[in-house]
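Shown next, in C-alpha cells, is the structure this report addresses.
The values are calculated or read from the model by the stated rules, or taken from the named source; none is laboratory data. These numbers come from a predicted model, not from an experiment. Positions of Cβ are backbone-derived with ideal geometry, glycine not excepted, and every protein chain shown enters the neighbour counts. With ligands, DNA and RNA removed, areas are computed over all heavy atoms of the protein, side chains included. Shrake-Rupley method; radii C 1.70, N 1.55, O 1.52, S 1.80 Å.
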Amino acid sequence: MNSSEKILSTFSQMYFYKEFVQENLCFIPKGRTEHELADLLLNLGDLIIAVQLKERNESEQTKDQEVELKWFNKKCKDAKKQIKVTIELIKKETLLEFKNIRGKSVAVNPNAQIIPLVIFMNNEIKHYPHVLEKHSEKGINVNCISFLDFQTMCRVLVTPIEIVSYLKYRKSFYEENRKVDML
C-alpha cells in the first residue's frame, strides 16, 4: 500500500465504520495467479463502493492545464480498467473474503450492487468530468471525484447510504443530461 492509499484508507476509516472498510485486496483464485481488486472497498453488504485512487506526484505537477488533463485522462483510463476488472472478479468469485480494518473476515457479496468510484489526487485540476464515460458496449460509466471533493462529500453527507445515493444520483443525472444533449 502506497502513501496515498494509506491516506485514503485513514480518511475512509474516519467517515465510515471500520467494519465497512476493506483494503489490501489481493487474492489468488484457484489455479491462477494473484489478482488485486480496487484500492479500497467500502463493503456495505448489498452495496459496495469500489474505489480506485490515482495520485499525481506533486513534484511533477505543473500549472499547465493541458499537461495535467493529459495526465488525468491517462490515469483515469487505467483506473476504469482496474475497476472493471474488480467488478468482474467480484461477480465471478463466489467465495471472496477480505479482512476489514478491525481484522474480521468479511465476505464480498457477488450479487451486490457495485458503485465504481475513481478518486484522483492532483490539486492543479479544478475542472474535470464527474463521470468517466464508457468507450465500448462492454465498458462502464464511472464516478470521478477529486480527493478534496471526496473529503467534502464525506463531511457533508453523514451516512454511507447518503454517499451511495449521491453517487448514484450524480451518475444518473450526468447520463440523462448527456442523452438530452445528444438529441
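Hey, does segment 136-149 have a residue that's open to solvent by 30 Å² or more (accessible area, probe 1.4 Å) and either on the phi > 0 side of the Ramachandran plot or at pLDDT 85 or above (or both)? The answer is yes, given that some residue of segment 136-149 is open to solvent by 30 Å² or more (accessible area, probe 1.4 Å) and either on the phi > 0 side of the Ramachandran plot or at pLDDT 85 or above (or both). Within segment 36-64, being of a type outside the set (S, T, N, Q), open to solvent by 40 Å² or more (accessible area, probe 1.4 Å) and not in a strand (DSSP E or B) holds for LEU44, ASP46, GLU58, GLU60, LYS63, ASP64.
Is there any pair with a first residue in segment 101-123 that is of a type in the set (Val, Ile, Thr) and a second that is in a loop (DSSP other than H, G, I, E, B) and surrounded by 12 or more Cβ atoms within 10 Å (Cβ to Cβ) whose Cβ atoms are under 8 Å apart and which are 6 or more apart or on different chains, and what are they? These pairs meet every condition: ILE101/GLU23; VAL108/GLU93; VAL108/LEU96. Annotation: VAL118 fulfils all but one of (1) surrounded by fewer than 18 Cβ atoms within 10 Å (Cβ to Cβ); (2) at pLDDT 80 or above; (3) outside any helix (DSSP H, G or I); the unmet one is (1).
Taken over segment 65-77, the criterion of being over 16 Å from ASN141 (Cβ atoms) and open to solvent by 40 Å² or more (accessible area, probe 1.4 Å) is satisfied by GLN65, GLU66, VAL67, LEU69, LYS70, LYS74, LYS75. Whether any residue in segment 92-105 is surrounded by 13 or more Cβ atoms within 10 Å (Cβ to Cβ) and either modelled with pLDDT of 90 or more or of a type in the set (Gly, Ala, Ser) (or both) is what I want to check. Within segment 92-105, none of the residues are surrounded by 13 or more Cβ atoms within 10 Å (Cβ to Cβ) and either modelled with pLDDT of 90 or more or of a type in the set (Gly, Ala, Ser) (or both).
Take segment 61-88 and flag every residue that is free of Cβ contacts under 8 Å to residues at least 60 places away in the same chain and among the aliphatic types (A, V, I, L, M). Residues satisfying the conditions are VAL67, LEU69, ILE83, VAL85, ILE87.
Search segment 82-106 for residues being under 18 Å from the mean Cα position of the chain (by Cα) and of a type in the set (A, V, I, L, M), and hand back the single one that is nearest to ASP39 (Cα to Cα). For segment 82-106, the residue satisfying everything is ILE83.
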